[in-house]
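Novice: Take this structure, written in structure tokens, and hold onto it; I'll ask about it next.
The values are calculated or read from the model by the stated rules, or taken from the named source; none is laboratory data. All values derive from a computational prediction rather than experimental measurement. Reconstructed Cβ throughout: ideal geometry from the backbone, glycine too, with neighbour counts over all protein chains shown.
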Amino acid sequence: MKKAGTGLFLSFLLLGAGVTMAQNPLIRDQFTADPTARVFEGRVYVYPSHDVQCGTEWFCMKDYHVFSSENLVDWTDHGVIVDQEKVAWVDASKNSMWAPDCYFKDGKYYFYFPAISKGGEGAAGMTVGVAVSDRPYGPFVPEPKPIAGVSGIDPNVFIDRDGQAYLYWAGVGQGLLGARLRPDMMQLDGKPQVIEKFPEGMKEGPFLFERNGIYYFTFPHVIEKTEALVYGMGPGPLGPFQYKGILMDEHPSGCWTNHHSILEYRGEWYLFYHHNDLSPSFDKNRSIRADRLSFNEDGTIRKVIPTLRGVGIVPADREIQLDRYSAVSASGASIAFLDEKNPFDGWKVILEEKGAFVRFAGVDFDAREVKTLKIRAKSESGAAVALSIGKGGPPLTVRGTVPKGAEWGLVEAALPTAPSGVRDLELLLEDTGRVEVDWVRFE
């Protein structure tokens, strides 16, 4: 290693492919959709539906997993918590275990899920069941029958400050519905009420939350071609709600569905939703995401712009996926799958124009003192790159050359000083050429 200007030249070692992680989507080893996020026992638990491939052109969902995280970066898969083959009333041939929810009350966790019941025909046979557990990650024991009086999909539960529980769902041909629940959390307490005063058109996936005495009724709604996320505000759990507009626009990629939940965790608000990141040509295989959400002074929701960076502060000693960037140059920078045939391998950054860059915000250097930078990269032309560590401390730039070659290799350098604090990274292509980067890491 030798100093050159303000940076360091890097060595290059060959190595094989490794396992990668990403920010958005949150889960990278399977398809996930319709995320309901809850805070239980000081952790965030996400209860999504589980898209699988069945050789059809429609949604195929056979079971449910649950995932949890304390830092919104490292997600634990607790495995299958409910399987259609083990629910007595479900017609397992329909593969229709769609968007779920989970809520805690009086020492029990109640998991709500829709499915087509035995003897039901098509979507009209959809109803909602409950499974119960002593722990947020199961095991959950399904009730032998679905909830009487509920015909529809996308259950959502809310418990008000007075302890009264409510169930919301999308009724087949009936719009969005809500009803009180009895104390046992498994029976309706009265007739369902249609949640009205919203625009005409396709609506599903209701999610209600309360903030500062205002009740927010949110849901996916087809405005033009695909689903946007919209909301209304009201004085109580059943409204009336005044429509306020869009909180997330339709996906420009054409992914037809979106489905979401909204969560406050450690003083921050988050929107969990889904997209088809890992299946761009088939939008029935989706992946869950999260981005920050904020409010205006009058309580209205500021529109959320989807990001690849997502949420959570990433420890510097992890494989940092620059392809989940916070910012990118206007030209010369792009991302692509590492392997088009296996999207679960993740993505890579491609820089192919002098001055092209990607920026990744929120890297924590305080967890441990790091001394070495490593970059997994390759360049068939050879390329000079610079990695800058900025914002939040003295700037540091490491320069080097990725040698010409077709194989992935490891670029290494000793850091002259150990960065501290939460910092931003920026990778820049310094000359003509083309370079592909899988990840960076500090050790």
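Novice: Return the residues of region 224-261 that are more than 16 Å from the chain's Cα centre (by Cα) and β-branched (Val, Ile, Thr); say none if nothing qualifies.
Specialist: If the condition is that a residue be more than 16 Å from the chain's Cα centre (by Cα) and β-branched (Val, Ile, Thr), then THR226, VAL230, ILE246 are the ones that fit.
Novice: Right, next: Can you pull out every residue in region 61-94 that is out of contact with any helix residue (DSSP H, G or I) (no Cβ under 7 Å at 6 or more places or on another chain) and either aromatic (Phe, Trp, Tyr) or more than 29 Å from VAL311 (Cβ to Cβ) (or both)?
Specialist: Once the filter is applied, which keeps residues that are out of contact with any helix residue (DSSP H, G or I) (no Cβ under 7 Å at 6 or more places or on another chain) and either aromatic (Phe, Trp, Tyr) or more than 29 Å from VAL311 (Cβ to Cβ) (or both), region 61-94 yields TYR64, PHE67, TRP75, ASP83, LYS86, VAL87, ALA88, TRP89, ASP91, SER93, LYS94.
Novice: Test each condition in (1) closer than 19 Å to PHE357 by Cβ; (2) under 28 Å from the mean Cα position of the chain (by Cα) for GLY421 and report the one that comes out false.
Specialist: (1)
Novice: Out of (1) β-branched (Val, Ile, Thr); (2) closer than 27 Å to GLU407 by Cβ; (3) surrounded by fewer than 17 Cβ atoms within 10 Å (Cβ to Cβ), the odd one out for THR300 is which?
Specialist: (2)
Table: residues versus (1) in a strand (DSSP E or B); (2) within 33 Å of the chain's Cα centre (by Cα); (3) at negative phi; (4) polar (S, T, N, Q).
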site: ARG368; (1), (2), (3), (4): no, yes, yes, no
site: LEU373; (1), (2), (3), (4): yes, yes, yes, no
site: LYS378; (1), (2), (3), (4): yes, yes, yes, no
site: VAL385; (1), (2), (3), (4): yes, yes, yes, no
site: SER388; (1), (2), (3), (4): yes, yes, yes, yes
site: GLY392; (1), (2), (3), (4): no, yes, no, no
site: THR401; (1), (2), (3), (4): yes, no, yes, yes
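Novice: I've got another one for you. Looking at GLU352, GLU319, can you tell me which residue is buried (at least 16 other Cβ atoms within 10 Å of the Cβ) and either free of Cβ contacts under 8 Å to residues at least 40 places away in the same chain or more than 30 Å from ARG266 (Cβ to Cβ) (or both)?
Specialist: GLU352
Novice: Would you mind stating whether VAL172 is assigned by TED's automatic domain parsing to the domain that holds CYS60, surrounded by 14 or more Cβ atoms within 10 Å (Cβ to Cβ), under 16 Å from SER96 (Cβ atoms) and within 29 Å of the chain's Cα centre (by Cα)? First the steps, then the outcome.
Specialist: On the way: assigned by TED's automatic domain parsing to the domain that holds CYS60: yes; surrounded by 14 or more Cβ atoms within 10 Å (Cβ to Cβ): yes; under 16 Å from SER96 (Cβ atoms): yes; within 29 Å of the chain's Cα centre (by Cα): yes.
Here the answer is yes, as VAL172 does meet what is asked.
Novice: Please verify whether region 324-344 includes one or more residues that are closer than 24 Å to VAL44 by Cβ and outside any loop (DSSP other than H, G, I, E, B). Break it down stepwise before answering.
Specialist: Just the residues of region 324-344 that are closer than 24 Å to VAL44 by Cβ, to begin with: 324-326, 344.
Filter again for outside any loop (DSSP other than H, G, I, E, B), leaving 344.
Among the residues of region 324-344, at least one is closer than 24 Å to VAL44 by Cβ and outside any loop (DSSP other than H, G, I, E, B), which makes the answer yes.
Novice: Do you know which of the residues in region 288-306 that are β-branched (Val, Ile, Thr) and assigned to a loop (DSSP other than H, G, I, E, B) is farthest from SER326 (Cα to Cα)?
Specialist: Ranking the qualifying residues of region 288-306, first place goes to THR300.
Novice: Give the residues of region 389-431 that are surrounded by fewer than 14 Cβ atoms within 10 Å (Cβ to Cβ) and of a type in the set (Lys, Arg), sorted by residue number.
Specialist: The answer is LYS404, and nothing else.
Novice: Now for a separate question. If the requirement is being under 30 Å from GLY107 (Cβ atoms) and of a type in the set (Lys, Arg), which of these qualifies: LYS225, LYS191, LYS197, LYS244?
Specialist: LYS191
Novice: Would you please list the contacts, defined by Cβ atoms under 7 Å and residues six or more apart or on different chains, that run from a residue in region 263-285 that is surrounded by fewer than 14 Cβ atoms within 10 Å (Cβ to Cβ) and at pLDDT 95 or above to a residue that is of a type outside the set (A, V, I, L, M, F, W, C) and part of a strand (DSSP E or B)?
Specialist: GLU268/ARG292
Novice: Moving on. Is it fair to say TYR270 is assigned to a strand (DSSP E or B), among the aromatic types (Phe, Trp, Tyr) and over 13 Å from THR300 (Cβ atoms)? Lay out the reasoning, then the answer.
Specialist: Numbers: assigned to a strand (DSSP E or B): yes; among the aromatic types (Phe, Trp, Tyr): yes; over 13 Å from THR300 (Cβ atoms): yes.
Yes; evaluated as a whole, the condition is true for this residue.
Novice: Go through the residues of region 218-229 one by one and say whether even a single one is outside any strand (DSSP E or B), closer than 19 Å to ALA290 by Cβ and at pLDDT 95 or above. Steps first, answer last, please.
Specialist: Here is the first cut: in region 218-229, the residues outside any strand (DSSP E or B) are 223-226.
Among the residues that remain, those that are also closer than 19 Å to ALA290 by Cβ are: none.
Scanning region 218-229 turns up no residue that is outside any strand (DSSP E or B), closer than 19 Å to ALA290 by Cβ and at pLDDT 95 or above.
Novice: Find all pairs meeting these conditions: Cβ atoms under 9 angstrom apart; at least six residues apart or on different chains; first residue within region 65-85 and over 14 Å from TYR47 (Cα atoms); second residue in a strand (DSSP E or B) and among the basic types (Lys, Arg).
Specialist: Going by the 9 Å Cβ cut-off, the qualifying pairs are GLU70/ARG43.
Novice: Would you confirm, using the coordinates I've provided, whether VAL141 is β-branched (Val, Ile, Thr) and crowded, with 20+ Cβ neighbours inside 10 Å?
Specialist: no
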